[in-house]
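> First the structure, which I've put down as structure tokens, then a few questions once you've had a look.
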Amino acid sequence: SGKTRTCIALCDVLLQHGWVKNILFLADRNSLVTQAKRSFVNLLPDLSVTNLCEEKDNYTAHCVFSTYQTMMNCIDTVKDENDRKLYTVGHFDLLVVDEAHRSIYNKYKDIFNYFDAPLVGLTATPKDEIDKNTYEIFELENGVPTYGYELAQAVTDGFLVDFMSVESKLKFIEQGIVYDDLSDADKE
């Protein structure tokens, strides 16, 4: 329903007004990092970007895309020209977390505690479990996201298509399975 597109628009406004200079976009899988970078490049072609998962020596772009694992490593190992830590606490002005309901707990939460920057989380399915509470990480009231765009509204607005249930019967569910009736290969 346009989470990444909305995020790109937010970043564009913040960049145009000089409110941010360096953005970190985090995701838990390489494919999500690549997809997000591609969207940013398409819509903000003048923005310097890098995917740390693929471009191991391009650390100075203004919009950095990375997995959590890669960023954890870079915080500790990447140095500037004076052999000092490049990714200091204040390096990024905005952190964006894709699929914020996954992988942002436990050790990867340290990234958000390390960088002193506003945090934007993108998810269609926030969690409010005791040990995995998306709302708590973003300092929100349980069950109350900063912004929500419900499926029914997205369907009404023409951005999404409603789901359709299809029921089908399975022989296994209906009749069960009898070991003696199986072929030798299936028994094995």
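The values are calculated or read from the model by the stated rules, or taken from the named source; none is laboratory data. All of these numbers come straight from a predicted model, not from anything done at the bench. Cβ atoms come from the backbone with ideal geometry, glycine included; neighbour counts cover every protein chain shown. The accessibility values were calculated without ligands, DNA or RNA, using every heavy atom of the protein model including side chains. Shrake-Rupley method; radii C 1.70, N 1.55, O 1.52, S 1.80 Å.
> At a threshold of 8 angstrom on Cα-Cα distance, excluding pairs fewer than six apart, so keeping six or more, what relative contact order does the chain reach in percent?
Reported as a whole number, the value is 17 percent.
> Could you compute how much accessible surface Arg84 exposes when probed at 1.4 Å, giving the result in Å² to the nearest 10?
Near enough 140 Å² of accessible area.
> I would also like to ask the following. Just grab the label-to-label distance for Asp76 and Asp186, each label 7 Å out from Cα along the Cβ direction, in nm (one decimal).
5.1 nm
> Hey, what angle do you get for helix 68-77 against the long axis of the chain, alpha-carbon based, 0 to 90 degrees rounded to 10?
Rounded to the nearest ten degrees, it is 30.
> Under 24 Å between alpha carbons, and skipping anything fewer than 8 positions from Lys109 in its own chain: which lysines qualify?
The qualifying lysines are Lys3, Lys21, Lys37, Lys56, Lys79, Lys85, Lys127, Lys132.
> Sticking to Cα atoms, compute the Rg of the stretch 1-71 to one decimal and its Dmax as the biggest Cα-Cα distance, whole number, in Å.
Looking at the stretch 1-71, its Cα Rg and Dmax stand at 11.5, 34 Å.
> Largest first and in whole Å, give the semi-axes of the chain's equivalent ellipsoid, each being the square root of 5 times a Cα gyration tensor eigenvalue.
In descending order, the three semi-axes are 39, 23, 18 Å.
> Follow-up question, since we're still on this one. With angles folded into 0 to 90 degrees, how steeply does helix 30-43 sit against the dominant principal axis of the chain? Use alpha carbons for both and round to 10.
60 degrees
> So, for the chain, what is the accessible surface per residue at a probe of 1.4 Å, expressed in square angstrom?
Per residue, the chain has 65 Å² of solvent-accessible surface.
> Of the accessible area of the chain, with the probe set at 1.4 angstrom, what percent is carbon plus sulfur?
On the chain, the fraction of accessible area on carbon and sulfur atoms equals 49 percent.
> Between the helical axis of 3-16 and the dominant principal axis of the chain, each derived from Cα atoms, what acute angle in degrees is found, rounded to the nearest 10?
Helix 3-16 sits at roughly 0 degrees to that axis.
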